[in-house]
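The values are calculated or read from the model by the stated rules, or taken from the named source; none is laboratory data. As the structure is a prediction and not an experimental result, all values here were calculated from the model. Positions of Cβ are backbone-derived with ideal geometry, glycine not excepted, and every protein chain shown enters the neighbour counts.
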């Protein structure tokens, strides 16, 4: 008789499907082979002009939608691809899924091509000077269904719900760089509370635009090492100088272990624990003592009912910013103590960049694959280690290891920190 | 019957065109005669502006105030009002373990910077992408991004009020406010959380915010009239309002243990999203009504937006499925607060139950008089474009009531 309740008496949450898209490619196979091979998806930006920009590189996904389709269309296409791969693997229906949808998606705004089109229409309609009055005139006199939809925050979830037949009111969420992990957490909680037997959780981000790049640049968050794009993201290195913006999506289908077993599904892994803690220190910087990250890691371990020595590998947040990597290292050393020296930890962002809203979900998918394949993906570009960071970062080349349980970290701007514990199916 | 696991409302923070604070909003609603509106500034559109506020009352540091655009300031301020009302503000231990769920849209763009770009391109400069890069790089205020970013309303609440148990931001117009309260109540009921701050805020006094509605032809352009009487108005039927609504929710056991005043209890929130044709919408509304047993309520507080088709569908549902229940369309008085609509309606329902008075008729064309003090109120939100939610709010009984 399989145990179906966890240490706290809640339904055990099984992962029965996973899907991923990143700048490395579409699907788990292509991504995993390139990721474990240490290939980088970071490249010079071709989607828009980069004159005047300090950062001219990103991990954009250029193979899904045409550049003129815009961010909302790409964000949707990425989410749909990851979700369909995950549902396909689960064996559940891809047009009548029957459970709720939790979507981590970037905030939306009208795009510049749309603003310019409206202003120009407003001029033709007899509006005065260029600006908002003229755009509003164009809005009320013309038909702009597509523009309207792309500016509504509920659009991507609504469209995805129609595509897959998910149920109820889908949740669209943002906890900044922790969003993808939060989507998985919300899904797991719905199963644990008995509200759903199956859920789909997805994190997606197709929002690399000139304006987004400029915004992060103005906060001095981005790497400006444009010359060799694939070497710019170098988490835990001494010469790291910021993250590299990137796009992608990751998705999980999760079910109560009981219902997954009952329908004979293949159990890919267990979503054992989720922990979160908010930071009240600063809008972009984390508390210097790492206490919120420490609390989030401990909350995840407690929620999973496991101890520090049960963790075999850590999927780092590892953004390659000077501050995050230092804080993450400090926090983990505090939680894990001396044992931290022997726990391998690597950053997928060294290869796929920081996929922002999607990162927590993509990295959860890669954490699951680490368990299933017994291969630790490397931290590439680790040629000049930061002497202040004493971690086994699986430098530059993959490593084979038996991994039963992974901790995956996500720490966000705005102080939202979320950690997940993912484990192999118990024997 | 009350249970220790009941989800109770112990603090209400409101800032709307009616005024600042729960009591001021309640009194203004009870004395409602004509709305506080501005039809000049964004003509041909009418908006409900927020009153003048001394922001430092809830956001002590001027440096913090400067880091926020209007929407974040309204929300952070209103969250402070709710914490103060609940007797939690400044209580470090309670705030540090308090969970936070915020329903948020996006913040305000810099109109001057956008206008420079539009002007140069309209004047004939053709290298569009390069001009955008040049102007944004040199003109954008570096921290404006954070003042616009959806999850930074929650971030500011953590920074200013030290609420740090957990922080989640939901997005998606009215649906986000429905989901926020749905998820918050479910977490408390299941024992996952003991006390939680939930709500949303919206600033409509910005042309970009109006533009996002008007692209779908949703804004009313006629002189103002009550929300139920806009079917034949020019343009859409939505009149937006600035404001915020935050609630502190607790388990009854947690509230009683700290001797908190209890406004009301809230039941499970039922919510859905689907095709918006009248027949499908009605099926969903009737199903949600069944799930919440909303027909048992003594009164309905509706957050109807005035949006032509959606409010027509809601009126048909209310008059045909709940023919004997008096309705109050509170947006008549406050305007449409987008993400904050459902939290606002729940807050006003809780105030009515706690005061032991029905909300008076705001528009006698659709709202029936009642002198009975309600014991339970059904809250209905039909999103202006999509999403529906319902919940029952009941009079608090037992200790703390």
Output the residues belonging to region A:17-53 that are outside any loop (DSSP other than H, G, I, E, B) and either at positive phi or not assigned by TED's automatic domain parsing to the domain that holds residue A:376 (or both). A:25
One residue from A:164, A:267, A:214 being within 23 Å of residue A:18 (Cβ to Cβ), in contact (Cβ under 8 Å) with a residue 60 or more places away in the chain and within 14 Å of another protein chain (Cβ to nearest Cβ): A:164
Pick from region A:97-125 the residues that are buried (at least 22 other Cβ atoms within 10 Å of the Cβ) and more than 34 Å from the chain's Cα centre (by Cα): which of them is nearest to residue B:122 (Cα to Cα)? A:119
Select, from A:194, A:203, the only residue that is out of contact with any helix residue (DSSP H, G or I) (no Cβ under 9 Å at 6 or more places or on another chain) and not assigned by TED's automatic domain parsing to the domain that holds residue A:118. A:194
Please specify each residue of region A:46-68 satisfying the condition of being out of contact with any helix residue (DSSP H, G or I) (no Cβ under 8 Å at 6 or more places or on another chain) and closer than 13 Å to residue A:247 by Cβ. A:60, A:62, A:63, A:67
Filter pass, residue B:107 being more than 8 Å from chain A (Cβ to nearest Cβ), touching a helix residue (DSSP H, G or I) at 6+ places or on another chain (Cβ under 6 Å) and either buried (at least 23 other Cβ atoms within 10 Å of the Cβ) or farther than 22 Å from residue B:337 by Cβ (or both): yes
Among the numbered conditions (1) in contact with a strand residue (DSSP E or B) (Cβ under 9 Å, 6 or more places away or on another chain); (2) closer than 16 Å to residue A:324 by Cβ, tell me where residue A:285 comes up short. (1)
Taking region B:85-104 on its own, how many of its residues are out of contact with any strand residue (DSSP E or B) (no Cβ under 7 Å at 6 or more places or on another chain) and either more than 11 Å from chain A (Cβ to nearest Cβ) or crowded, with 17+ Cβ neighbours inside 10 Å (or both)? 6
I'd like to know if region A:126-149 contains one or more residues that are in contact (Cβ under 8 Å) with a residue 40 or more places away in the chain, facing another protein chain (nearest Cβ under 9 Å) and either surrounded by 21 or more Cβ atoms within 10 Å (Cβ to Cβ) or in a helix (DSSP H, G or I) (or both). yes
Among (1) more than 14 Å from chain B (Cβ to nearest Cβ); (2) surrounded by fewer than 22 Cβ atoms within 10 Å (Cβ to Cβ); (3) over 17 Å from the mean Cα position of the chain (by Cα); (4) not in a loop (DSSP other than H, G, I, E, B), the one test that residue A:94 misses: (4)
Contacts under 6 angstrom Cβ, first residue in region A:340-354 being in the same structural domain as residue A:320 (by TED's automatic domain parsing) and surrounded by fewer than 24 Cβ atoms within 10 Å (Cβ to Cβ), partner at pLDDT 95 or above and assigned to a helix (DSSP H, G or I), 6 or more apart: A:340/A:332; A:340/A:333
When residues of region B:26-83 are filtered for being closer than 29 Å to residue B:160 by Cα, in a loop (DSSP other than H, G, I, E, B) and touching a helix residue (DSSP H, G or I) at 6+ places or on another chain (Cβ under 7 Å), how many remain? 7
Among (1) farther than 22 Å from residue A:277 by Cα; (2) within 7 Å of chain A (Cβ to nearest Cβ), there is one condition residue B:123 misses while meeting the rest; what is its number? (2)
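Of the residues B:342, B:366, only one is modelled with pLDDT of 95 or more and in a loop (DSSP other than H, G, I, E, B); which? Spell out how you get there, then give the answer.
Numbers: B:342 fails: in a loop (DSSP other than H, G, I, E, B).
Unique residue meeting the criteria: B:366.
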Per the filter on region A:217-247, residues within 14 Å of another protein chain (Cβ to nearest Cβ) and surrounded by 20 or more Cβ atoms within 10 Å (Cβ to Cβ) are A:217, A:221, A:222, A:245
In region B:157-199, residue surrounded by the most Cβ atoms within 10 Å (Cβ to Cβ) [restricted to those that are more than 9 Å from chain A (Cβ to nearest Cβ) and part of a loop (DSSP other than H, G, I, E, B)]: B:193
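Mind listing just one residue for me: the one in region A:395-427 that is part of a loop (DSSP other than H, G, I, E, B) and surrounded by 23 or more Cβ atoms within 10 Å (Cβ to Cβ) and, of those, modelled with the highest pLDDT? Give the derivation first.
Of all residues in region A:395-427, those part of a loop (DSSP other than H, G, I, E, B) come to A:396-398, A:401-404, A:412-415, A:424-427.
Narrowing further to those that are surrounded by 23 or more Cβ atoms within 10 Å (Cβ to Cβ): A:412-415.
Details: A:412: 82, A:413: 74, A:414: 71, A:415: 78.
Ranking the candidates gives A:412 first.
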Looking at B:347, B:373, B:358, which is the one that is touching a strand residue (DSSP E or B) at 6+ places or on another chain (Cβ under 9 Å), surrounded by fewer than 21 Cβ atoms within 10 Å (Cβ to Cβ), at pLDDT 95 or above and outside any strand (DSSP E or B)? B:358
I need the full set of residues from region A:15-45 which are touching a helix residue (DSSP H, G or I) at 6+ places or on another chain (Cβ under 6 Å) and farther than 22 Å from residue A:376 by Cα, in order please. A:43, A:44
Selection within region B:139-156 - in contact with a strand residue (DSSP E or B) (Cβ under 6 Å, 6 or more places away or on another chain) and more than 7 Å from chain A (Cβ to nearest Cβ): B:153
So which of B:124, B:119 ends up being surrounded by fewer than 24 Cβ atoms within 10 Å (Cβ to Cβ), at positive phi and over 22 Å from the mean Cα position of the chain (by Cα)? B:124
Qualifying positions in region A:167-189 - within 11 Å of residue A:13 (Cα to Cα), at the interface with another protein chain (Cβ under 10 Å from one of its Cβ atoms) and crowded, with 24+ Cβ neighbours inside 10 Å: A:185
Only one of (1) away from chain B (no Cβ under 14 Å); (2) crowded, with 22+ Cβ neighbours inside 10 Å; (3) under 30 Å from residue A:384 (Cα atoms) is not met by residue A:357, so which one is it? (1)
Region B:151-166 - residue that is under 25 Å from residue B:212 (Cβ atoms) and in contact (Cβ under 8 Å) with a residue 60 or more places away in the chain and, of those, nearest to the chain's Cα centre (by Cα): B:153
